[in-house]
Amino acid sequence: MGKWEISMNPVQEWGEELEEGALYGITLRREPLHIPANPKEAQPCVAFVQYRTSKVRRLKAATLTRLVNHLLEPCCHEPDYRLIFLSTYRTFTTTRTVIEMLFQRNKVTSDDGNSECHRRRLFLLIQTWLDEYSEDFWEPPHHTSLRLLLDHLPCLSLCSLAQRSETLLNKFQREGQRKVRTFLFPSAEAVAGVQAEKNEGEQCSGQEVPYWENTLDQGGIMDFSVAGISEQLTRLDAELFVKVVPFQCLGSVWSQRDKENLSPTVSATIAQFNAVTNRVITSLLCCSTSSQSQRAGVIERWISVAQECRQLKNFSSLRAILSALQSSAVYRLRKTWATVCRDSMVIFDNLSETFTDENCVLTNREILVEDGSQPALENISSKTFKHCSLSRQMSTSSGVVPYLGTFLTVLTMLDTALPDTVEGDLINFEKRRREFEILSQIRQLQVSCSQYNLPHHTRIAAWLLDQKLLTDQESYELSINLEPPVDLSSPSPWSHRKLSKKLSSLLTVTENSSRKTHVDQISVSSSGSSGSDMEDLSPLSTLKSQSLSSSCQNVTGATPSSPDSSVFSKSQADLSAPASAAACPKPILASHHKRSVSMTSLPLYNRQVADSCIVRVSVEAANGNMYKSILLTSQDKTAQVIQRALEKHNLEHMNSNDFTLRQVISRGRELIIPDKANVFYAMSTSANYDFVLHQCPKGQKKPLCATSSLGQYSK
Amino acid sequence: MAKQYDVLFRLLLLGDSGVGKTCLLCRFTDNEFHPSHISTIGVDFKMKTLLIDGIKVRIQIWDTAGQERYQTITKQYYRRAQGIFLVYDITSERSFQHIMKWASDVDEYAPDNIQKILVGNKSDEEEKRQVATEQGNKLAMAYGMDFFETSAFTNHNITESFTRLAEQVLVANKKDLDLLRMSVTDELNLAALEEEEGITDGTDATEKSCWC
């Protein structure tokens, strides 16, 4: 066993070595040894491979002095050591201290015969420091560390570096005078920029954009193009993300409580994120005159923008939009959501499912590798946005703006989980190594951002900034005004949606088992027909996108094309029917049933729960079936219900246009459901949920036409 | 094939940054928490299985540490959790005052039957205490919550508070639980029946029941 392991794993933890003030981790690395091929012996002898084992020392913990010294030691095995140190040293010391120690050490060893090599290493170190971590030297007003560095450099004839530091110092001083550090007040700067551009007569920097998209001064989301908005968001996000100082993301820096914010660059990205969510919320709620369908249009618009952000790999604004749409104030607008078109809902569900918190790190990692992970999503998007997605993907191939929150959480957790010091009060450098892994991912993504080349849309920029900030309370109140709460006890569609998903997974299991037949029998029991249920599956699966997305606004658990979905929608509809129907056949079935009921808000006959209910539909003068149970959701239009009822009654060959749908209110009284009505809302909830399909005499037009929205009683 | 768990709960840690939410989590999930796990994978939640009243309860704990300032993000979790820890730091008056805000947020946006528990962390730092135990008690009473003072450092009341919340969630979902039990029994009967019929099918639909 041991042998096997050794042969499998080329790197082995060996142990630790404790020197004075330093703890090393030792790993053994085995690498195949390539023997120079001797042409004569080569062929018969390749049956074995020779390995060479080398010992690798890694500084795990040390005193500060040892850590600093290690920077310039020639035997440093670890190529990244310098970067790890520079990325994280400020968690345990200061810039000034490190400079002092470096040059102090330098004095001691300057007589060394190795001094030239030593100087070389010092040069490289300081060069990296100045180039990539110049932020460390920003200490207004005097920038003392930088001056200290400047004092030391010429003595060591490191003149080019001295020059660089000089330049940096000058730059800092200029910025200090302006009192605006670019990363500190990005929005202020952006505002200033926009204002300036406005003053210059709408001249904009960067690429010129045709102004076909703005009609009025007071623009709204509907006045701008989806592409324009997502480009502008991405531009802003990328700008801010590039300015993030990775060090400021570290748990020990970012998660400081009760202290002044040490991470302004991180805060700036969050401020932008919150501004986007606020923009989404205000665009929906701050227009009290808007109608439901107008609001639904705004939601659809934002979903398109989110989808575009996904294309642009701007995961920050994508998350912002999704979370805003899911915020309580917006999310609770059930009637509005019910009017959102299906395609948009499918996209929305896909996006929300893909970019939930559980898998968003995964997502981030996928992005780092490559992003071909969402074929379903790509399909939808290519359908909807074909015209722009292709060219866009070419031009901005790999710019990525991540959702920074994921990194912040991981870093906070690392900081909590790993101690700062280990026994003997040594600085735990292993912890910094782990943190560096995350920080370098951030850096990598920052580099990718330079590949964006997006036009600047001044009007959109102004619109994004010009907004009223709403508190949660305010937005909630606005939301209540738009759609007063109907039934406080009814569960939110969201829980219903989770529920449906849950149910689908339960039912998916049953599909493969013999119990499937039992499930089918339930519907048999209510319909009296037999054997038809198997066939029912196919027409239903063609309806999947409707029944599925409508029944629970959810395509997530089962992808539309999967066979599960049909089972799901079908079974859900059929299963619940006998709940109130008297006959409840076998105890086994009861178990299914109980379990479903235990999921709380399953649709019930004669009751609208959440966004769905069960209705019974019979066909007037038809094939002898009494009725069929159908799951009706708040998304279902009359035509779909008729279609589904016909299918259930094995009448799919009939033209659904020849039928009208009526609710049987009482003996002889029927409520005609208009052609284009939403049946869920049009139906009477005080009567039994019994419907009948009337076939119209041939050639005769339907009694009611599209526009009327209220049901009419008929005798 | 033994079931890993009977039910799955999602619990959410809420409170200001720095109150030690993540410490609590680390402590509680000690056995399953290895620092080595977090380098590359995201730790949005941690798992632990408890045995309560004969039921294997798998709890998944969400911790959004580091994301507190994203306005809409944390609230997205409210809807998806069954239980919430409201955590403050006994050495920080401010974190205690903020509990009111967190609690009213939860009342407003979370599902009605969500269970809450109040936790005053860092009870080991007695000398720096700013919030008296009595204050915590009072607040908990006002909101009808249970209250624990905990210390992730000394492991004081950690398991107790997590178990308590899990129990509350169980009770709150008791009706569902009974149904689950019945269905589990039925499941067994069904399995027996299938065997009689010569159909072997190892599906256990309830294995991953989750109330959400």
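What to note about this one:
- Qualifying positions in the stretch B:95-113 - within 11 Å of chain A (Cβ to nearest Cβ), open to solvent by less than 20 Å² (accessible area, probe 1.4 Å) and modelled with pLDDT of 85 or more: B:Ser95
- Subset tally (residues that are aromatic (Phe, Trp, Tyr) and either modelled with pLDDT of 95 or more or farther than 17 Å from B:Asp16 by Cα (or both)) for the stretch A:236-266: 2
- So B:Ala140, is it of a type in the set (Gly, Ala, Ser) and either within 14 Å of chain A (Cβ to nearest Cβ) or assigned to a strand (DSSP E or B) (or both): no
- Matching residues, the stretch A:305-319, being closer than 14 Å to A:Ala238 by Cβ and open to solvent by less than 10 Å² (accessible area, probe 1.4 Å): A:Cys309, A:Leu312, A:Asn314, A:Phe315, A:Ser317, A:Leu318
- Odd one out for A:Glu477, checked against (1) more than 14 Å from chain B (Cβ to nearest Cβ); (2) modelled with pLDDT under 90: (1)
- Residue ID - nearest to the chain's Cα centre (by Cα), chosen from residues in the stretch B:76-94 that are open to solvent by less than 40 Å² (accessible area, probe 1.4 Å) and among the charged types (D, E, K, R): B:Arg80
- Count of the stretch B:49-74 residues which are hydrophobic (A, V, I, L, M, F, W, C) and under 30 Å from A:Pro402 (Cβ atoms): 5
- Flag if A:Leu28 is at pLDDT 80 or above and either more than 30 Å from A:Phe103 (Cα to Cα) or open to solvent by 60 Å² or more (accessible area, probe 1.4 Å) (or both): yes
- Subset of the stretch A:322-345 [more than 10 Å from chain B (Cβ to nearest Cβ) and either touching a Phe, Trp or Tyr at 6+ places or on another chain (Cβ under 9 Å) or not charged (D, E, K, R) (or both)]: A:Leu333, A:Lys335, A:Thr336, A:Trp337, A:Ala338, A:Thr339, A:Val340, A:Cys341, A:Ser344, A:Met345
- Helices (runs of 4 or more DSSP H) wholly inside the stretch A:32-126 that include at least 3 residues being open to solvent by 40 Å² or more (accessible area, probe 1.4 Å) and modelled with pLDDT under 80: A:95-109
- The set of residues in the stretch A:255-278 being buried (at least 24 other Cβ atoms within 10 Å of the Cβ) and in contact with a Leu (Cβ under 6 Å, 6 or more places away or on another chain) consists of A:Thr269 alone.
The values are calculated or read from the model by the stated rules, or taken from the named source; none is laboratory data. On a predicted model such as this, the values are computed, not experimentally measured, just so you know. Positions of Cβ are backbone-derived with ideal geometry, glycine not excepted, and every protein chain shown enters the neighbour counts. Accessible surface is based on the protein model in full, side chains and every heavy atom, while ligands, DNA and RNA are left aside. Shrake-Rupley method; radii C 1.70, N 1.55, O 1.52, S 1.80 Å.
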